[in-house]
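Participant: The structure follows.
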Amino acid sequence: MSFDNLETLYRQVIMDHYKNPRNRGTLEGDDSLTIDMNNPTCGDSIHLQMKIEDGKVADAKFEGEGCSISMSSASMMTQAIKGKTVEEALEMSKMFSDMVQGKEIDADEIELGDIVALQGVSKFPARIKCATLAWKAMEKGVQEDQKEE
Amino acid sequence: MDVKELKQLFPVLNQEVNGHPLVYLDSAATSQKPIPVLEKLDEYYRGYNSNVHRGVHTLGTRATDEYEGSREKVRKFINARSTKEVIFTRGTTTSINMIAYGYARHRLKEGDEIVITPMEHHSNIIPWQQAAKATGAELKYIPLQQDGTITLEDAKKMITENTKIVAITHVSNVLGTINPIKEISDIAHRKGAVVVVDGAQSTPHMKIDVRDLGCDFFTFSGHKMCGPTGVGVLYGKEKVLEEMEPVEFGGEMIDFVEMYDSTWKELPWKFEGGTPIIAGAIGLGTAIDFLEDIGLDEISRHEKELTRYAMDQLKTIDGIQIYGPEERGGLVTFNLDEIHAHDVSTALDSEGIAIRAGHHCAQPLMRWLNVSSTARASFYLYNSEEDIDKLVVALRKTKEFFGDVF
């Protein structure tokens, strides 16, 4: 007996991000966007901070509590959006959401990097919300920021 | 009780999930439904679907007889004095909210107290938080012991002359703790408080005698006891129900309707506004027949043995943390090493084993346990030692799998 199909979900790179999260922590100063979001059905939570400068994500950090999928996704997301324009970040979020729902995506359009490892989530529908939590938080933050301007 | 034979009566259980025979260990969330209940629902909808208590045609009479017949079955099942004390609701949550809105809010005032425990399900916390906020009453908690039980000494301390409501779960949906309802009722009554019991996790598994328990209100859900979803029961002593106001107004619950005022039907119908949960209630009656044919004592005995076996077997797994007391209802809540409960649940699901993972609608309790989530295996009459063995094997594999990737 083996957990063969589990390996499509729990890829090495995911477990690496879970074990050694990138950008975990808080941003200095009070000029960053702060978003708290949780998944009420399971209790996963994320506290995301982003610094937006000249329409670009200058920095991003997160704190959170949750399963390997939600936390590794948060780690990968902060890594991926840093240095990207807000539009690019939103575009990535859309692609990511499509990817984990099993929809076709054009991977050449934007370099997703490590994030592609989460493609396996599409085979585990119960876990899609874990994977998208950090991205939803990012979208919410950016949208609120745009509203203020 | 022949579990193998019994299992044949539950169609859902006889299927493969992810290439493995389904092992269903999530009955505390909802139980599976036996063929007699499914057939009864089918019979109602195909044979005599009609509204109850209105019109005088043949089908309507049959539906009314079946619906009211179920009420009598519930009465007998929980040993209520009269069918006046049995109200069909949408489930435990609705029942508790009806008490909070229709009874408690009319009586509470500033300086009064509502006493609950930290092991309550959200449905027995939030209605009281809201009632406290609306009336200025204070919400107080009987503290938990290290093993997740409460003591009568603490209950005596927390329940005072100012306490108007004591709301407590019979069996905890996370810890499995069985609370001493009879003793709590005595303590509360001596101080003049009314006792509300959340029986969602006890009624499916043990003989309930509301008169022996002594509580004023008792609530439970049909879907956790082999019945359909969408039906539950609010039991109340006739006296408190007479004092309680309806929270839903409309058809079916009225006596006379004038232009500017109306009067209500007598108990229990004044609390059943609108077309009631006819199929649900009829199905619940059949579920009660089904459970009583087997015998609630027999079911309790089976689950007790199974739970003991599960506790013993699970404890042999290195790194497992089990929450709650030794003496418990038919469920075991745990965490495995540092592996998040969702990850454990996904791993088990890939082996066809269904458990619950998360906060179990008990966030204050999760904080008390100092965990963000837990995994829970819960048992019912159709589970066997073989199911537990499969769970244990899969958990060992899960540990190995995540041990490797970590």
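Only the coordinates and a few stated rules stand behind these numbers; no lab work does. Not measured: the values here are computed from a predicted model. Methodologically, a virtual Cβ is constructed for each residue, glycine included, from the backbone with ideal geometry; neighbour enumeration extends over all protein chains shown.
Participant: Work out the length of the dipole vector of segment A:27-144 about its Cα centre, built from +1 on the beta-carbon of each Lys and Arg and -1 on the beta-carbon of each Asp and Glu, and round it to the nearest 20 debye.
Facilitator: About 540 debye.
Participant: Then there's this: Applying the Karplus parametrisation 6.51 cos²θ - 1.76 cosθ + 1.60 with θ = phi - 60° to the phi angles of segment B:145-156, what ³J(HN,Hα) value in whole Hz is obtained for each residue in order, glycine and proline being reported as x?
Facilitator: Here the 3J(HN,Hα) series is 6, 3, 8, x, 10, 10, 10, 5, 4, 5, 4, 4 Hz.
Participant: Still on this structure: Counting other Cβ atoms within 10 Å of each Cβ, which GluC sites (Glu not before Pro) in segment B:194-268 have at most 12 and sit in a DSSP loop?
Facilitator: Qualifying residues, ordered by number: B:Glu258, B:Glu266.
Participant: Kindly write out, for segment B:218-234 in residue order, the coupling ³J(HN,Hα) from the Karplus curve 6.51 cos²θ - 1.76 cosθ + 1.60 (θ = phi - 60°), rounded to whole Hz, with x marking Gly and Pro.
Facilitator: Each residue of segment B:218-234 in turn: 9, 10, 7, 10, x, 6, 8, 10, 6, x, x, 6, x, 10, x, 9, 10 Hz.
Participant: From a point 7 Å beyond the Cα of B:Val3 in the direction of its Cβ, which residues of segment B:339-369 have a backbone N at a distance under 17 Å?
Facilitator: Hits in segment B:339-369 for B:Val3 at 17 Å: B:353-355.
Participant: Another question, then. Could you work out how much longer the chain between B:Glu338 and B:Val247 gets when fully extended? Use 0.36 nm per residue separation minus the Cα distance between them, nm to one decimal.
Facilitator: Going from the current span to full extension adds 28.2 nm.
Participant: Another one. Please name which of B:Ile322, B:Gly199, A:Ala89 has its Cα lying farthest along the dipole of the protein assembly as shown towards the positive end, using unit charges on Cβ (Lys, Arg +1; Asp, Glu -1) and the Cα centre as origin.
Facilitator: Result: B:Gly199.
Participant: Return the loop-located trypsin sites (Lys or Arg not before Pro) in segment B:1-99 (DSSP other than H, G, I, E, B) with at most 13 other Cβ atoms within 10 Å of their own Cβ; answer none if there are none.
Facilitator: Hits after loop and neighbour filter: B:Arg54, B:Arg81.
Participant: In whole Hz, with x marking every Gly and Pro, tabulate ³J(HN,Hα) for segment B:30-38 from phi via Karplus 6.51 cos²θ - 1.76 cosθ + 1.60, θ = phi - 60°.
Facilitator: 7, 8, 7, 10, x, 3, x, 5, 4
Participant: Please report, in debye to the nearest 20, how large the charge dipole of the protein assembly as shown is about its Cα centre when each Lys and Arg carries +1 at its beta carbon and each Asp and Glu carries -1 there.
Facilitator: In debye, rounded to 20, the protein assembly as shown gives about 1320.
Participant: Show me the trypsin sites (Lys or Arg not before Pro) within segment B:248-355 that DSSP assigns to loop and that have at most 14 other Cβ atoms within 10 Å of their Cβ.
Facilitator: Filter output for segment B:248-355: B:Lys315.
Participant: Now for a different question. Only four residue types carry charge here, +1 at the Cβ of Lys and Arg and -1 at the Cβ of Asp and Glu. Report the dipole size of chain B about the Cα centre in Debye, rounded to the nearest 20.
Facilitator: Taking the Cα centre of chain B as origin, the dipole is about 620 debye.
Participant: Ok, one more. For B:340-348, what's the mean count of beta carbons from other chains sitting within 10 Å of each residue's beta carbon?
Facilitator: Taking all residues of B:340-348 together, the mean is 6.
Participant: Just the Kirkwood number for segment B:48-293, please: inverse of mean 1/r across all distinct Cα pairs, in Å, one decimal.
Facilitator: When all Cα pairs of segment B:48-293 are included, the Kirkwood radius is 18.4 Å.
Participant: First select every other residue whose beta carbon is under 11 angstrom from the beta carbon of B:Thr64; then total the charges, Lys and Arg +1, Asp and Glu -1.
Facilitator: Neighbourhood net charge equals 0.
Participant: Here is a further query. Can you tell me what the convex hull of the Cα atoms of segment B:250-406 projects to on average, as an area in nm²?
Facilitator: So the mean shadow area of the Cα hull is 14.1 nm².
Participant: Can you tell me the relative contact order of segment B:48-293? Whole percent, Cα pairs under 8 Å, sequence separation 6 or more.
Facilitator: 24 percent
Participant: Okay, moving on. Can you compute the modelled spin-label distance between A:Asp31 and B:Trp264, with each label point 7 Å from Cα toward Cβ, in nm?
Facilitator: So the two model labels end up 6.2 nm from each other.
Participant: Along Cα→Cβ, 7 Å out, is where each label goes; now give me the distance between the ones at B:Thr229 and B:Asp289 in nm to one decimal.
Facilitator: 2.5 nm
Participant: Right, something else. Quick query: amide H of B:Val166 versus all other amide H atoms, modeled in the peptide plane; which residues come in under 5 Å with a sequence gap of 5 or more or a different chain?
Facilitator: Those lying under 5 Å, H to H, from B:Val166 are B:Val115, B:Val194, B:Val195, B:Val196.
Participant: May I ask you to sort B:Trp264, B:Trp128 by Cβ crowding, counting other Cβ atoms within 10 Å and putting the fewest first?
Facilitator: Taking fewest neighbouring Cβ atoms as first place, the list is B:Trp264, B:Trp128.
Participant: When N is the residue count of the protein assembly as shown, what does its C-alpha Rg come to as a fraction of 2.2 N^0.38 Å?
Facilitator: The value comes to 1.07.
Participant: Please report B:Cys361, A:Cys42 as a ranked list, fewest other C-beta atoms within 10 angstrom at the top and most at the bottom.
Facilitator: Fewest-to-most Cβ neighbours within 10 Å comes out as B:Cys361, A:Cys42.
Participant: Between B:Lys156 and B:His122, how high is the FRET efficiency from 1/(1 + (r/R0)^6) when r is the Cβ-Cβ distance and R₀ = 25 Å? Nearest 0.05.
Facilitator: 0.40
Participant: Rounding to the nearest 10 and keeping the result within 0 to 90°, find how far the Cα-based axis of helix B:385-405 lies from the longest principal axis of chain B.
Facilitator: 60 degrees
Participant: With runs of 4+ DSSP H residues as the only contributors, calculate the mean residue ellipticity of chain B at 222 nm using -39,500 (n - 2.57) per run, divided by the residue total and rounded to the nearest 500.
Facilitator: After summing the helix terms and dividing by the residues of chain B, the value is -11500 deg cm²/dmol.
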